[in-house]
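Quick one: this structure, given as structure tokens, is what I'll be asking you about.
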Amino acid sequence: MNDAGADAALFPGFTSQRVATPAATIHCVVGGSGPPLLLLHGYPQTHAMWHKIAGDLAREFTVVCADLRGYGDSDKPESDAAHAPYSKRAMAGDMVALMRTLGFARFGLAGHDRGGRVAHRLAVDHPACVERVAVLDIAPTRLMYRATDMAFAAAYYHWFFLIQPFDLPERMIGADPAYYLRRKTSGWGSAGGAFFDPRAYAEYERCFALPETIHATCEDYRAAASIDLAHDDADVAAGRKVACPLLVLWGSRGVVGAQFHPVADWQTVATDVRGRALDAGHFLAEEAPEATRHELARFFAETARA
């Protein structure tokens, strides 16, 4: 099934679009009416991860679900020695340009996993654009690297595997991308991944199997371990924090909840933080869609009431 067919099946009533931004063409779906809300996916998925909650959210918001550069059906630009094209700063810039092109200068923002890291950078770099931000099942990148111990390294081995120099991880994943995807996603969630809708999973598999996606997603992680940390260090040195309200949600059966202190950790980089655990593993929007939708709707509705 191509992206338009999958979008029609997973996001009824939404329009599927490819939007040219200055640095990359971004694939997205748009639906609903009301205050704009941008939803960003994580690794190794696509915008399809939001399909269980996007329709309900669209009753209250204009919902935009986008593929990050390097993922899904968005462009996969060439990288460089500094991994700058896959820095969270570059990826955030795509999303600001996307929303402006769609007519939204200011919006709500939620990101899961890698999308949460892009959301963090976007909220810091473009504070005038973000009303409120939610991050799902992550702690700040800089803190997670600094707190690394054996338990974290074992659970998040991919952080250290994917940053190895080109083309070691690319060749190893590329030997059997479907197997790698299945092992990675089934290990992070509950019930061995039984909660995944087969239509959405087929999209993850279709997109992740592309060699250019495998390379781009490795570059995403290489950037996180280098140029992104430099940007985070600069924020700390300058005293820059996320100034808008921030909601953090995490899975009660996941690594983040077990090994970190999500609310306290986000308070180190944001001024107004609240959050709670949901009964899930890592993939909140697919494992616990009703609870995730409820928390996001309640949080972002506060913007509409303000």
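The values are calculated or read from the model by the stated rules, or taken from the named source; none is laboratory data. Because the structure is predicted, anything quoted here is derived from the model rather than measured. Cβ coordinates were reconstructed from backbone atoms using ideal geometry, including for glycine residues, and neighbour counts include every protein chain displayed. All accessible areas refer to the heavy atoms of the entire protein, side chains included, with ligands and DNA or RNA removed. Shrake-Rupley method; radii C 1.70, N 1.55, O 1.52, S 1.80 Å.
If you count only protein heavy atoms and use a 1.4 Å probe, how large is the accessible surface of Ser33, to the nearest 10 Å²?
We get 70 Å² for Ser33.
Same structure again: Rounded to the nearest 0.05, what FRET efficiency do Ala194 and Asp279 have when you use their Cβ-Cβ distance and R0 = 22 Å?
0.90
Provide the per-residue ³J(HN,Hα) series for region 218-234, in order, calculated from phi with Karplus coefficients 6.51, -1.76, 1.60 and θ = phi - 60°, each as a whole number of Hz, with x at glycine and proline positions.
Result, ordered by residue: 5, 4, 4, 6, 4, 5, 4, 8, 9, 5, 5, 5, 4, 5, 5, 4, 5 Hz.
Please arrange Asp176, Asp279, Asp94 by accessible surface area, largest first, computed with a 1.4 Å probe and ligands excluded. Show your work: numbers first, answer last.
Working: Asp176 75, Asp279 110, Asp94 5 Å².
The ordering from most to least exposed comes out as Asp279, Asp176, Asp94.
Just how far, in whole angstrom, is region 271-298 from region 123-169 if you go by their alpha carbon centroids?
Here the two parts' Cα centres lie 19 Å apart.
Now for a separate question. Could you give the length gained by full extension between Phe160 and Leu210, i.e. 0.36 nm per residue of separation minus their alpha carbon distance, to one decimal place?
Gain on extension, Phe160 to Leu210, equals 15.8 nm.
Also, quick follow-up: Pairs of Cα atoms under 8 Å, at least six residues apart: use those to get the relative contact order of region 109-169, whole percent.
It comes to 28 percent, rounded to a whole number.
If you don't mind, another one. Calculated from DSSP H runs of 4 or more alone, at -39500 (n - 2.57) each and per residue, what is the 222 nm mean residue ellipticity of the chain, nearest 500?
-13500 deg cm²/dmol, from helical runs alone.
With all protein chains present and a 1.4 Å probe, how do Leu247, Leu102 order by accessible area, largest first?
Leu102, Leu247
When the Cα atoms of region 1-153 are enclosed in a convex hull and the volume is divided per residue, what value in Å³ results?
Spelled out: Cα convex hull of region 1-153, divided by residues, is 124 Å³.
Provide the per residue accessible area, probe 1.4 Å, for the chain, rounded to a whole number of square angstrom.
Ligands and nucleic acids excluded, the result is 38 Å² per residue.
Determine the relative contact order of the chain: mean sequence separation of Cα pairs under 8 Å and six or more apart, normalised by residue count, in whole percent.
20
If Trp188, Trp50 are ordered by their accessible area, calculated over protein heavy atoms with a 1.4 Å probe, which sequence runs from highest to lowest?
Greatest to least solvent exposure: Trp188, Trp50.
Continuing with the same structure: Over region 199-272, what percent of the accessible surface lies on carbon and sulfur atoms, probe 1.4 Å?
About 60 percent, which is the carbon plus sulfur part of the accessible surface.
Starting from the Cα of Ala81, step 7 Å along the direction of its Cβ; do the same at Ala238; then give the gap between the two resulting points in nm.
For the pair Ala81/Ala238, the computed spacing is 2.6 nm.
If r is the Cβ-Cβ distance from Glu302 to Ser252 and R0 is 35 Å, what FRET efficiency results, to the nearest 0.05?
0.90
Explain nothing, just the number: relative contact order of region 209-283, from Cα pairs under 8 Å at least 6 residues apart, as a whole percent. Write down the numbers at each step before the final one.
Details: 74 pairs, mean separation 23.4, N = 75.
After rounding, I find 31 percent.
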